[in-house]
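Undergrad: One structure, pasted below without further comment.
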Amino acid sequence: MSDKKFYITTPLYYVTAAPHLGSLYSTVLADVCARWQRLRGADVFLTTGTDEHGQKVAQAAQQATHQPQAFVDQFIPAYTSTWQQYEIAYNAFVRTTSMPHKMGAQEFVRRLIASGNTYRATYQGWYCTPCETFVGRGGSEQDAPIPCTSCNRMTSWVAEDTYFFKLSAYQEQLLSFYQNNPDFIAPKERLNEVISFVQEGLKDLSISRTTVQWGVSFPDQPEQVIYVWVEALCGYLTSVGFGQEERRDEFNYWWPADVQVMGKDIVKFHAIYWPAMLLAAGLPLPKRLLVHGWIKVDKQKMSKSLGNVVDPVPLGKQYGVDAVRYFLCRQLATNQDGEFSIEALEQHIASDLANDLGNLLNRVSVLAHMHNIFEITAPHQWSERSMRLRNEAWSVVQDAAMHMHDWAIHLAIARIWHLVNQANTYFHELEPWKLAKSDKDHFVQVLSATAHALYTISLLLWPIMPTKMAELFERLGTPISFGSSDFVDQLKSDNWRHTFLIKQGPALFEKPIKKEEQPVVQKEQSRMPTISIDEFLKTELLVGTIREASAVPHSDKLLKLIVDFGPYGTKQILAGVAKQYSSDLLMNKQALFVTNLQPRIMAGLESQGMMLMAKDEQGIARIMQSENVVPNGTRLQ
Ligand code: ME8
């Protein structure tokens, strides 16, 4: 084993659907960091996986009329095959429903209990199921539900006898940890947000659930399950052997993680709850969190609930996975949100990859072969102009390493592209096609200097585009092998003495062909005739909250809903949702309704409107909800 070890993790994704471009983004970032460390000679371990328990998954399974285990099982191949397609070189794929994980999570909670930092009490308050978060203790079930502080969606009331972790006892210890470890979170601005949150005062955290069955049993309390976040975070430990006696050395070797990658939505769990619980359990804390922003589509966060997710599978097939990896890393600054669009992707492929990089390789190889040069040897002495390119290459290596140290991958790429441009300028300025006729030695020198620059570029870009850069090495006749030496040290000492056996081949990157239709983001033509705005305005569409939901006698399809339309009062609306929604699932949910339809009699009861529904991919009708809570009776416009 190398003396340098590097352990990195991605979030463990909820398995309510196949992965999307957002989950891919975090996973690619982690893979790029892992590969970078491999290049630097480290012994690397990358953990990814799936978070399969909890209320959110259980509800999704129930809505799909599946048993939870069968429900989650069906999505796993989509994860593993997408990660394979995108060359994610993970070492462990942890499933939180696996036995070693469950046992490790229980062992972790036992440690919390043994530390004296847990107690039993009643949790009464609001819970956000999509975020699996306790939103606020207190209030009463009769109060109107409060929106989630993180996602703004409606919360539901929870009252249960649970175990608490004394998070509040760790406030000062956490604050001094942040102070002593100012690099704990990259980018730095996220750390300031965390510090302000902790300074406002921490409340104890409920760490078990009694009203949820789909989870890992709380130690010695079979009627309780471990709160899903506590259990899922343990996946970072269990994947490297925590809780398994025979893997004790392995665990001690890998833990603590060197970097944990995540989106900004889950930073609180990783930067506050997780370190506090690790302190209580007597385990070292992760060294660094890499927190990135959102991928947005049309200026909105890409998310399953907004229905604007991009499927990475056809995207990779159409544009090439390395090109998509490059685009994600280049276009999105880790410290900001960034926009995804097909136009920007195509433009980067055409200009950066096909023109700047691919063409340079092509020009060198075509010119060399045209003059029957297959082996390019380094000159005894470099010209002053070639030395400038060599110095530039070395300074780019150092700067890229500095940016990668902060995991500012987009800045590292921008700097690498400076070298790509410099190499193009050098080639263009020295006009080797003319030198080939007048000064053969100088001609070979230009080919050699450009090939050396390309070699440096391909090493620096290998973590981002592993397949394409392996192709580039191949074309230069310098395949790379990984050992325990650091490539930065190698580049520093190699003094541009390589011999290249240059090969011709197809274009490294194809320019995307402009198509009228975008097969990735498909748009269907409306099947309905157009109507005037006046006709549309005749329909009254209102937001309402379902206050009561009950079965309709003699109907297995209908539910009777009593819907609160605020200033417009309540209405009785019958909806054909009994097969996919139980009454309690609909209680206090906000939805959209047509409220000026003529009343209809259904199964002997009057329906005074219609709830808006849309069929999902499995053909099951789902209710349409507004993203945020809005006052009842709000008219859609
Ligand atoms: O939160 N842009 O799982 P999750 C960028 N199970 N990244 C995005 C994104 C977007 N639009 N959408 C999602 C969970 N992500 C928990 C984690 S860890 C022990 C438990 C990425 O499936 C981003 O990394 O909701 C975000 O933090 C993560 O997916 C949330 O994944």
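Undergrad: Does the range 150-165 include one or more residues that are out of contact with any strand residue (DSSP E or B) (no Cβ under 8 Å at 6 or more places or on another chain), touching a residue at least 24 places away in the same chain (Cβ under 8 Å) and open to solvent by 50 Å² or more (accessible area, probe 1.4 Å)? It would help to see each step written out before you state the result.
TA: Narrowing the range 150-165 to residues out of contact with any strand residue (DSSP E or B) (no Cβ under 8 Å at 6 or more places or on another chain): 152.
The next check asks that each one be touching a residue at least 24 places away in the same chain (Cβ under 8 Å); those that pass are 152.
The next check asks that each one be open to solvent by 50 Å² or more (accessible area, probe 1.4 Å); those that pass are 152.
Yes, the range 150-165 contains a residue that is out of contact with any strand residue (DSSP E or B) (no Cβ under 8 Å at 6 or more places or on another chain), touching a residue at least 24 places away in the same chain (Cβ under 8 Å) and open to solvent by 50 Å² or more (accessible area, probe 1.4 Å).
Undergrad: Restricting attention to helices (runs of 4 or more DSSP H) lying wholly within the range 1-78, give those where 1 or more residues are on the phi < 0 side of the Ramachandran plot and near the ligand (Cβ under 10 Å from one of its atoms). First the steps, then the outcome.
TA: Working: elements: 21-39, 55-63, 68-73.
So the answer is 21-39, 55-63.
Undergrad: Within the range 437-458, work out how many residues are open to solvent by 10 Å² or more (accessible area, probe 1.4 Å) and not β-branched (V, I, T).
TA: 8
Undergrad: For the range 596-637, which fully contained strands (runs of 3 or more DSSP E) count at least 2 residues that are within 37 Å of the chain's Cα centre (by Cα) and either assigned by TED's automatic domain parsing to the domain that holds E540 or of a type outside the set (S, T, N, Q) (or both)? Write out each step before concluding.
TA: Details: elements: 600-602, 605-607, 613-615, 621-623.
Here the list reads 613-615, 621-623.
Undergrad: Then there is this: Check the range 410-428 and report whether any residue there is out of contact with any Asp or Glu (no Cβ under 9 Å at 6 or more places or on another chain), surrounded by 16 or more Cβ atoms within 10 Å (Cβ to Cβ) and within 18 Å of E474 (Cα to Cα).
TA: No, every residue in the range 410-428 fails to be out of contact with any Asp or Glu (no Cβ under 9 Å at 6 or more places or on another chain), surrounded by 16 or more Cβ atoms within 10 Å (Cβ to Cβ) and within 18 Å of E474 (Cα to Cα).
Undergrad: Going through the range 594-635 one residue at a time, which ones are of a type in the set (G, A, S) and in contact (Cβ under 8 Å) with a residue 12 or more places away in the chain? Write out each step before concluding.
TA: Filtering the range 594-635 for residues of a type in the set (G, A, S) gives 603-604, 607, 609, 614, 619, 621, 626, 633.
Within the range 594-635, A603, G604, S607, G609, A621, S626, G633 qualify.
Undergrad: Consider K301 against the criteria (1) within 14 Å of the ligand (Cβ to nearest atom); (2) modelled with pLDDT of 95 or more: it satisfies all of them except one. Which criterion is unmet?
TA: Just one mismatch for K301, condition (2).
Undergrad: Name every residue in the range 119-128 that is in contact with a Ser or Thr (Cβ under 9 Å, 6 or more places away or on another chain) and surrounded by fewer than 20 Cβ atoms within 10 Å (Cβ to Cβ), in order of residue number. Spell out the reasoning first.
TA: Going through the range 119-128, the residues in contact with a Ser or Thr (Cβ under 9 Å, 6 or more places away or on another chain) turn out to be 120-128.
R120, A121, T122, Q124, G125, listed by residue number.
Undergrad: Could you go through the range 69-77 and let me know if any residue there is open to solvent by 10 Å² or more (accessible area, probe 1.4 Å), more than 30 Å from A578 (Cα to Cα) and without any contact (Cβ under 8 Å) to a residue 12 or more places away in the chain.
TA: yes
Undergrad: From (1) open to solvent by 50 Å² or more (accessible area, probe 1.4 Å); (2) more than 15 Å from the ligand (Cβ to nearest atom); (3) among the basic types (K, R), pick out the condition that doesn't hold for R288.
TA: All conditions are met except number (1).
Undergrad: If you don't mind, another one. When you scan the range 339-390, how many residues do you find that are open to solvent by 50 Å² or more (accessible area, probe 1.4 Å), assigned to a helix (DSSP H, G or I) and either within 30 Å of P512 (Cα to Cα) or at pLDDT below 95 (or both)?
TA: Residues flagged as open to solvent by 50 Å² or more (accessible area, probe 1.4 Å), assigned to a helix (DSSP H, G or I) and either within 30 Å of P512 (Cα to Cα) or at pLDDT below 95 (or both) within the range 339-390 amount to 8.
Undergrad: Being in a strand (DSSP E or B), surrounded by 15 or more Cβ atoms within 10 Å (Cβ to Cβ) and within 35 Å of the chain's Cα centre (by Cα): is that true of L592 here?
TA: When the stated conditions are applied, L592 passes them.
Undergrad: Kindly list the number of the only condition in (1) modelled with pLDDT under 95; (2) surrounded by fewer than 18 Cβ atoms within 10 Å (Cβ to Cβ); (3) not polar (S, T, N, Q) that fails for V309.
TA: Going through the list (1) modelled with pLDDT under 95; (2) surrounded by fewer than 18 Cβ atoms within 10 Å (Cβ to Cβ); (3) not polar (S, T, N, Q), V309 breaks only (2).
Undergrad: While we're on this one: Find the helices (runs of 4 or more DSSP H) located wholly in the range 223-274 whose residues include 3 or more that are touching a Phe, Trp or Tyr at 6+ places or on another chain (Cβ under 9 Å), under 22 Å from A169 (Cβ atoms) and within 14 Å of the ligand (Cβ to nearest atom), and list them.
TA: Values: elements: 228-233, 235-238, 248-254.
So the answer is 228-233.
Undergrad: Count, please, the residues in the range 252-285 that happen to be free of Cβ contacts under 8 Å to residues at least 40 places away in the same chain, over 16 Å from the mean Cα position of the chain (by Cα) and either crowded, with 20+ Cβ neighbours inside 10 Å or at positive phi (or both). Outline the logic, then answer.
TA: Taking the range 252-285 first, the residues free of Cβ contacts under 8 Å to residues at least 40 places away in the same chain are 252, 270, 278, 284.
Subset that is over 16 Å from the mean Cα position of the chain (by Cα): 252, 278, 284.
This time we only want the ones that are either crowded, with 20+ Cβ neighbours inside 10 Å or at positive phi (or both), so: 278.
Number satisfying all stated conditions: 1.
The values are calculated or read from the model by the stated rules, or taken from the named source; none is laboratory data. Being a predicted model, the structure only gives us computed values, none of them experimental. With ideal geometry, Cβ positions are generated from the backbone for all residues, glycine too; neighbour counts draw on all protein chains shown. Note: accessible area is taken over every heavy atom of the protein model, side chains too, but ligands, DNA and RNA are not part of it. Shrake-Rupley method; radii C 1.70, N 1.55, O 1.52, S 1.80 Å.
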